[in-house]
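Comments concern the structure below.
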Amino acid sequence: MDLPLFAYGLAALGGALIGLLLAVFGGGGSVLATPLLIYLVGVRDPHVAIGTAAAAVAVNAVAGLAGQAKAGRVKWPCASVFALSGLAGSLTGAHFAKQVDGQRLLIWFAAAMAGVGLSMLLPKRGTGDPGVHLTPALVWKLAPVGLLTGLAAGFFGIGGGFLIVPGLMAATGMTLAHAAASSLVSVALFGTATSASYAASGLIDWPVFAALVVGGGAGAFAGAPLALRLAGHADLARRIFALMVIATAGYVAWRALG
């Protein structure tokens with residue numbers, strides 16, 4: 001895709017915004033990547049925007065996972081079952097998304113964005129079992145939830161963290177902190193699978209992807225101290241961000257239907 005030079009600067013700025021939001025709010029920010037690529041950067045094909053965004057989300061998730069693993073917050077056995085069971089779902093979802101007309105896909109994407117925003121307005125539970133461990137009974141709970149979550153993540157080209165975190169908590173009873181950290185295993189795997197499917201069809205703009213990743217790294221670095229400052233007002237900040245996501249969903253739907 002031929003884009004003017006300044007478009008890559010806009011992609012880096014968009015990536016920085018997403019990285020900052022992810023650092024501050026811990027999830028949900030990646031859903032803004034596709035609208036930013038279409039309406040700010042100028043990527044005309046929604047499929048290319050979704051594939052490129054999915055690839056960038058996967059890289060950001062791997063970077064975040066490294067830090068969470070070092071802190072010992074990742075419940076690897078539970079996270080692995082969830083992620084591996086969702087792998088087939090993410091590939092299936094990506095396959096079907098590529099068959100859908102681009103503008104119709106954006107309407108579905110707007111609905112998913114609205115779901116992300118609404119989920120962020122729900123109260124977050126901080127209780128749970130920090131010592132949870134994988135059992136055969138938990139496998140039967142984790143696998144179907146992982147499959148469905150992977151299907152949604154693959155179809156919409158989003159990380160799916162807003163679905164993975166409550167899914168892990170509901171299936172295992174683990175704490176919110178452990179679920180948020182463990183969800184990055186699935187986000188990374190689903191994003192990699194989805195972007196690989198799009199890449200095989202030639203639907204990733206690699207220079208834009210590189211700009212997103214570089215900007216995302218800078219945004220995450222800048223967002224870390226901001227997250228500490230907002231810690232005492234986390235609920236209010238998260239509600240404001242959720243309303244921004246819902247408003248963006250409305251704009252995407254309006255443009256797609258217009």
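The values are calculated or read from the model by the stated rules, or taken from the named source; none is laboratory data. What you see is a predicted model; the values in this text were computed from it and never measured. All Cβ positions, glycine included, derive from the backbone under ideal geometry; neighbour counts span all protein chains shown.
Values for this structure:
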| quantity | calculated |
| --- | --- |
| Output for the stretch 97-108, where each listed residue is surrounded by 19 or more Cβ atoms within 10 Å (Cβ to Cβ) and closer than 24 Å to ALA242 by Cα | LEU105, LEU106 |
| Enumerated helices (runs of 4 or more DSSP H) restricted to the stretch 1-104, each holding at least 2 residues that are modelled with pLDDT of 90 or more and touching an Asp or Glu at 6+ places or on another chain (Cβ under 7 Å) | 46-70 |
| Entirely in the stretch 147-237, the helices (runs of 4 or more DSSP H) that have 2 or more residues that are under 28 Å from LYS98 (Cβ atoms), at pLDDT below 90 and not hydroxyl-bearing (Ser, Thr, Tyr) | 161-172, 176-200 |
| Subset of the stretch 31-69 (residues that are of a type in the set (Gly, Ala, Ser) and crowded, with 19+ Cβ neighbours inside 10 Å) | ALA33, ALA49, GLY51, ALA53, ALA54, ALA55, ALA56, ALA58, ALA61, GLY64 |
| Per-region count, the stretch 109-135, residues surrounded by 15 or more Cβ atoms within 10 Å (Cβ to Cβ) and closer than 24 Å to LEU189 by Cα | 12 |
